[in-house]
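The values are calculated or read from the model by the stated rules, or taken from the named source; none is laboratory data. Since the structure is predicted, the reported quantities are computational estimates derived from the model, not experimental observations. Cβ placement follows ideal geometry from the backbone for every residue including glycine, while neighbour counts extend to all protein chains displayed. Keep in mind that these areas ignore ligands, DNA and RNA; they rest on the heavy atoms of the full protein, side chains included. Shrake-Rupley method; radii C 1.70, N 1.55, O 1.52, S 1.80 Å.
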There are 2 protein chains.
Amino acid sequence: MRASRFFISTLKEAPSDAEIVSHQLMMRAGMIKRLGSGIYTYMPMGLKVIRKVEAIVREEMNNAAAIELLMPLVQPAELWQETGRWDKMGPELMRVKDRHGREFAIQPTSEEVITDVVRSEIKSYKQLPLNFYHIQTKFRDERRPRFGLMRGREFTMKDAYSFDRDLAGMQQSYKVMFDAYTRIFTRFGLKFRAVAADNGAIGGTGSHEFHVIASTGEDALVYCPDSDFAANMEAAEAVATGERPAASAALVKTSTPKAQKCEDVAALLKIDLKQTLKTLALTVEKDGGGKEYFMLLLRGDHELNEIKVGKVAGLANHRFSTEAEILEVYGCVPGYLGPIGTKAPVTVVADRTVALMADFVTGANEADYHYTGANWGRDVAEPAIVADLRNVVEGDPSPDGKGVLAIERGIEVGHVFQLGTAYSEAMKATFLDENGKAAPLQMGCYGIGVTRILGAAIEQNFDDKGIIWPASLAPFELVLCPMGYDRSELVKEATDKLYAEAQAAGVDVIVDDRGLRPGAMFADWELIGVPHRVVIGERGLKEGNLEYQGRRDTEATAVPVADTINFVKAKVQR
Amino acid sequence: MRASRFFISTLKEAPSDAEIVSHQLMMRAGMIKRLGSGIYTYMPMGLKVIRKVEAIVREEMNNAAAIELLMPLVQPAELWQETGRWDKMGPELMRVKDRHGREFAIQPTSEEVITDVVRSEIKSYKQLPLNFYHIQTKFRDERRPRFGLMRGREFTMKDAYSFDRDLAGMQQSYKVMFDAYTRIFTRFGLKFRAVAADNGAIGGTGSHEFHVIASTGEDALVYCPDSDFAANMEAAEAVATGERPAASAALVKTSTPKAQKCEDVAALLKIDLKQTLKTLALTVEKDGGGKEYFMLLLRGDHELNEIKVGKVAGLANHRFSTEAEILEVYGCVPGYLGPIGTKAPVTVVADRTVALMADFVTGANEADYHYTGANWGRDVAEPAIVADLRNVVEGDPSPDGKGVLAIERGIEVGHVFQLGTAYSEAMKATFLDENGKAAPLQMGCYGIGVTRILGAAIEQNFDDKGIIWPASLAPFELVLCPMGYDRSELVKEATDKLYAEAQAAGVDVIVDDRGLRPGAMFADWELIGVPHRVVIGERGLKEGNLEYQGRRDTEATAVPVADTINFVKAKVQR
């Protein structure tokens, strides 16, 4: 490519609405252009990166025997009603009526359509397994679109759907996709981590998220450096080990005026925060009417994990108790609650760590008072329920028993999901098994946020000059920067020769023939993030050398003219 | 590709709603699957053809220095309001509201968005010319979607937009696109014709349509076999040559009971239809109130061209007169109108051919009577206006004076358009010229109906067995049909070797390893339309031969095993 025939448009300053670095740099590098809230035109420089992402995804999906098709964007409401998602999905699902008043969804994903395709195409177990995918524009009417391509409304996604005859087959298809995703993210040249994820409302038997590691990531990833364990914070099990120590202190009711938080109590009493209990009052409205009250107990330094709470028996539909309920049940204002001496009966649900504590400090159910030296069994009944209620913290034992946990931050760019038969049962998508009996298809679904990859890659790879693309995603692998392309015949000839050589060698090369001054030219390419640069100058040419500089290098290397392309080629080897 | 890893799904019968052959064959060959009215899933076999169309379009657009980007599907109403198209476009424009009640269009084309991009990016004449394109999903809420991909609602289009500093530059950009289109359709391997088109409501200074020639086409194309002249019927000028003959017959009022149509009059009077006049009564409502009446005259065997009528001075807003108006103006029921002796004054607009007629037969403005032997000047005043009002017919002189016209039918698959400054003026998209003065950008737009190409190619190339793809568009160039792949080690080995050879030679090959019986296997591939087939059988192998058959061949050719791939390769040479 010649820069004069491409469209390059860089900015010194990012627009003020660009809050994060990837959004800022993509705007400054002229990769995207805002059309509306969460809606972007992919400019030529950005589209080129998207195409590289798509090509790698497509190749690995094909290698994994997934078959590409293309489903429509505008999908009849009737299909979405079959699975109930027409009602279940809120305003995030963009809905539209045609000229006849018929309702349609602008698709955010395609489970319904692919299940509809498959239920009419698949008759027999002999046609299975099957895996269909497409790479396509999606629309989700996010409440608060932001961060450029990271949380847009219109975006590109690869979504794949596998169909199997039984659970074992589905798990095999899932593994094939998991492995394909691992190859895809490896080929992107990004640091990433696959973590076990919570299945969420969609149900199913298992799922993993693929995250690009970046300190700016929205998700906390938990992993064990000494084993394979890795999970999203939502799903990471917190293990409590060891025995409960014997009681060694007496129960003392202690004045703790205005100390409602554990931190305040610990500071006031000059004790370790780990000796305190954090109390949360929950209410569950019973189906037949009436209410049930629960008290959650966490160690003072731990954080509640809402998803884990929802999984405790009886707590699926909990809510936090109101102040009126708290006064009624505990006879005390919030901030001083505890398991000892509640006014009305409550079910105590202790985190695993709490169940192993002794001599702890907890609210006395009386304003401005706590108990110190509290002990299970002696001062209060053993907790009715012991469960995993909290987020893990660095240093927690790994659930596989092979070390301790570490935490890093990531950006979710892929998700693989064992769907089971939720969709196939709702939509009556069955096949005939060997005995001629109809059975629902076992499904999996597998997504990659194609356009989001760009944002995630940048969040992981940038410096104060701009983007640093991994070679496999860079809009161009090599930029040739001639000094005086229009003025010096020597430079022009050498540049054109080098350009032809690079093309012949299969290097994705752009020559900057725009006639910019060196400073502006270099700044553009550093901002855009092309990983390899060769400067062609008259002086160097006369000495037989060109100047090579990698995007992360702090200075240039002189390379003999004749060796230059081989030198670069070795560096871009994919 | 191995058929066992692809998805092949053929049907014996087409669904009853498939009215035309391309729709029937695409459904039967498993290329598309209906999701809703005018909305199709592109199945793997169909998508493969679409990708081949896209690849050729992309390559030639890039060669023509057009730059690819990707504009959003969901576009803010505000932009469409700037050009007035939000109101001007009817229900064909799909409109949608987001969760905040803001209005958006699901784009049918992208003039507004690209003009918005360019007005913020282009400051100076130095940045021009520019041509941006994208290949993308469009939606048009057609009143009556039909014919499969030929008139769908959701479809894929390549749309390009050029920006120039002046008219000459724009016309140059237009020519570059015209030439690129010519290369694209040539590479498709389709018989096509570029014809001058009417500019329609969009205005501008010129446009051409590209049509795939097919007897089932909706459009009539007029061309001169002896010159370059070619135009859509709507736009083809009808020329009248020669002199008007002298009057030789006397004017006679003749009884023509119940003969209201020219054909009936000619039959009754035993004269040539070409001696009769066809009369059409028009009304124009004047701006200040009141009406003006016009009488259009065509030769009895000619057809009215409505678009040409609209271009006659004073007739832009015409309508057909009502029966009440006709009684009032002509004093006669419809069917016997003519220029001689109307009750009220009317403006006579004669087609060019009519102005050269003598001794003609025309209505007498009296029920059941015509005049014979009528002559201009002698029996009635010369027509007030003489204009081109009719469709050309085969044998008409070519407007360039170089022969006579022929007519064939075509399917519109491309349109190039000189837009001028209509959009740039409405949207204030200007640039600074050499003198630092702001001027509106001169625009062109250029569309190719990517998915429609599939339908058009099939309408041109099919037989009773199925589709006959040109090699450049075929889902696969070559199918290998082993006889007993699972039973014969000899056949399996030879097939696998051939498959590897074909791949190495860059031939897009599929091997049918599904284990079907020969009849079913051959029928599938003839239906799908793969242009080259090689059958690998034990008997032939023992004799050292394979059976080659081209899709249009009536019988197979024996080819030595070792030569087979070279033999095929020579045939698929693109």
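Rounded, prolate or oblate: which fits the protein assembly as shown, taking a ≥ b ≥ c as square roots of the Cα gyration tensor eigenvalues, rounded meaning a/c under 1.5, else prolate when a/b beats b/c? Write down the numbers at each step before the final one.
On the way: a/c = 1.95, a/b = 1.78, b/c = 1.10.
In terms of gyration-tensor shape, prolate.
Name the residue from B:HIS318, B:GLY449, B:THR283 whose Cα lies farthest towards the positive end of the charge dipole of chain B, charges +1 on Cβ of Lys and Arg and -1 on Cβ of Asp and Glu.
Positive-most Cα among the choices belongs to B:GLY449.
Rounded to the nearest whole Å³, what is the per residue volume of the convex hull around the Cα atoms of the stretch A:252-387? List each step's numbers first, then the result.
Numbers: hull volume 12.9 nm³, N = 136.
Hull volume normalised by residue count: 95 Å³.
Just to check I understand the Karplus step: with θ = phi - 60° and J = 6.51 cos²θ - 1.76 cosθ + 1.60, what whole-Hz values come out for the stretch A:283-299, glycine and proline as x?
Each residue of the stretch A:283-299 in turn: 10, 10, 7, 7, 4, x, x, x, 10, 10, 10, 10, 10, 8, 10, 10, 5 Hz.
Compute, for the protein assembly as shown, the length of the dipole vector about the Cα centre, with Cβ point charges of +1 (Lys, Arg) and -1 (Asp, Glu) only. Units Debye, rounded to 20.
Numbers: 138 positive and 160 negative charges, 48 e Å.
That gives the protein assembly as shown a dipole magnitude of about 240 debye.
How far apart, in nm, are the 7 Å Cα→Cβ label points at A:SER255 and B:SER227?
11.3
Charges only on Cβ, +1 for Lys and Arg, -1 for Asp and Glu: so what's the dipole of the stretch A:92-225 about the Cα centre, in debye to the nearest 20? Mind showing how you got there, number by number?
Details: 21 positive and 18 negative charges, 70 e Å.
It works out to roughly 340 debye.
Tell me the Kirkwood hydrodynamic radius of the stretch A:191-330 in angstroms, computed as one over the mean inverse distance between distinct C-alpha pairs. Let's see the in-between values first.
Values: mean 1/r = 0.0536 Å⁻¹.
About 18.6 Å for the stretch A:191-330.
In Å², rounded to the nearest 100, what is the total accessible surface buried by chains B and A against each other with a 1.4 Å probe? If you can, show how the numbers build up before the last one.
Values: alone 26090 and 26080 Å², together 47540 Å².
Answer for the B-A pair: about 4600 Å² buried.
Starting from the stretch B:62-129, pick out the trypsin sites (Lys or Arg not before Pro) whose DSSP state is loop and whose Cβ has at most 10 other Cβ atoms within 10 Å. Provide the component values of the computation, followed by the final result.
Values: sites: B:ARG85, B:LYS88, B:ARG95, B:LYS97, B:ARG99, B:ARG102, B:ARG119, B:LYS123, B:LYS126; in loops: B:ARG99, B:ARG102, B:LYS123.
Of the trypsin sites (Lys or Arg not before Pro), not one in the loops of the stretch B:62-129 has a Cβ with at most 10 other Cβ atoms within 10 Å.
By how many degrees, between 0 and 90 and to the nearest 10, does the Cα long axis of helix A:450-460 differ from the longest principal axis of chain A?
90
Mean residue ellipticity at 222 nm from the helices of chain B, using -39,500 (n - 2.57) per DSSP H segment of n ≥ 4 over the full residue count, to the nearest 500 deg cm²/dmol?
Only helices count here, giving -8000 deg cm²/dmol.
I'd like the accessible area for A:CYS262, computed on protein heavy atoms only with a 1.4 Å probe and all protein chains in place. Round to 10 Å², please.
We get 20 Å² for A:CYS262.
Mind checking the full-extension length gain between B:GLU394 and B:ARG58? Use 0.36 nm per residue of separation minus the Cα-Cα distance, one decimal, nm.
On the way: separation 336, 0.36 × 336 = 120.96 nm, distance 3.75 nm.
Going from the current span to full extension adds 117.2 nm.
What's the local net charge at B:PHE6, with K and R +1, D and E -1, over the other residues with C-beta under 11 Å away? Walk me through the intermediate numbers first.
Details: positive: B:ARG2, B:ARG5, B:LYS48, B:ARG514; negative: A:GLU68, B:ASP512, B:ASP513.
Net local charge, B:PHE6 excluded: +1.
Using a simple charge model, +1 on the beta-carbon of Lys and Arg, -1 on the beta-carbon of Asp and Glu, nothing else, what dipole does the stretch B:252-387 show about its Cα centre, in debye to the nearest 20? Please list the in-between numbers first.
On the way: 15 positive and 18 negative charges, 38 e Å.
Computed about the Cα centre, the dipole is about 180 debye.
What is the local net charge at A:LYS258, summed over the other residues whose Cβ is closer than 13 Å to its Cβ (Lys, Arg +1; Asp, Glu -1)? Don't skip to the end; give the middle numbers.
Values: positive: A:LYS261; negative: A:GLU263, A:ASP264, A:ASP368.
Taking every Cβ under 13 Å from that of A:LYS258, the sum is -2.
Within the stretch B:405-477, which GluC sites (Glu not before Pro) sit in a loop by DSSP and count at most 15 neighbouring Cβ atoms inside 10 Å? Intermediate results must be reported in sequence, preceding the final value.
On the way: sites: B:GLU408, B:GLU412, B:GLU425, B:GLU434, B:GLU459, B:GLU477; in loops: B:GLU434, B:GLU477.
Passing sites in the stretch B:405-477 are B:GLU434.
Round to the nearest 0.05 the FRET efficiency obtained for A:ALA562 and A:ARG5 when R0 = 30 Å and r is the Cβ-Cβ distance. Let's see the in-between values first.
Working: r = 27 Å, r/R0 = 0.92.
So, using R0 = 30 Å, E works out to roughly 0.65.
With everything on Cα atoms, drop me the angle between helix B:44-63 and the longest principal axis of chain B, reported from 0 to 90° to the nearest 10.
Approximately 70 degrees, to the nearest 10.
What part of the accessible area of the stretch A:476-572, given as a whole %, is carbon or sulfur when the probe is 1.4 angstrom?
Working: 2210 of 4540 Å².
Roughly 49 percent of what the probe reaches on the stretch A:476-572 is carbon or sulfur.
In the stretch A:309-325, whose amide N lies under 14 Å from the spot 7 Å out along Cα-to-Cβ of A:ASP287? List them in ranges.
A:314-317
Kirkwood hydrodynamic radius for the stretch B:476-572: how many Å is it when counted over pairs of different Cα atoms? It would help to have the intermediate numbers written out before the result.
On the way: mean 1/r = 0.0766 Å⁻¹.
One decimal place: 13.1 Å for the Kirkwood radius.
On alpha carbon coordinates alone, what is the Rg over Rh value for the stretch A:16-68, Rh being the Kirkwood radius?
1.14
Could you tell me what percent of the DSSP beta bridges with both partners in the stretch A:252-387 are antiparallel, to the nearest 5? Can you show the working numbers first?
On the way: 19 of 28 bridges.
Looking only at bridges with both residues in the stretch A:252-387, the antiparallel portion is about 70 percent.
Put +1 on the Cβ of every Lys and Arg and -1 on every Asp and Glu Cβ in the stretch A:74-212; which of A:PRO129, A:SER207, A:VAL195 then has its Cα farthest towards the positive end of the dipole?
Farthest towards the positive end: A:VAL195.
Using a cut-off of 14 Å between beta-carbons, work out the net charge of the residues near B:ARG151 (Lys and Arg +1, Asp and Glu -1, B:ARG151 not included). It would help to have the intermediate numbers written out before the result.
Numbers: positive: B:ARG34, B:LYS138, B:ARG140, B:ARG143, B:ARG144, B:ARG146, B:ARG153, B:ARG452; negative: B:ASP17, B:GLU19, B:GLU92, B:ASP141, B:GLU142, B:GLU154, B:GLU218, B:ASP219, B:GLU412, B:GLU459.
Every neighbour counted, the sum reads -2.
With every protein chain kept in place and ligands, DNA and RNA left out, what is the accessible area per residue of the stretch A:252-387? Probe 1.4 Å, answer in Å².
Working: 6240 Å² over 136 residues.
For the stretch A:252-387, the solvent-accessible area averages 46 Å² per residue.
Find, among the trypsin sites (Lys or Arg not before Pro) in the stretch B:194-289, those assigned to loop by DSSP (not H, G, I, E, B) with at most 14 other beta-carbon atoms within 10 angstrom. Before the final figure, lay out each step's value.
Details: sites: B:LYS253, B:LYS258, B:LYS261, B:LYS270, B:LYS274, B:LYS278, B:LYS286; in loops: B:LYS258, B:LYS261, B:LYS270, B:LYS286.
Taking the stretch B:194-289 and a limit of 14 other Cβ atoms within 10 Å, the loop trypsin sites (Lys or Arg not before Pro) found are B:LYS258, B:LYS261, B:LYS270, B:LYS286.
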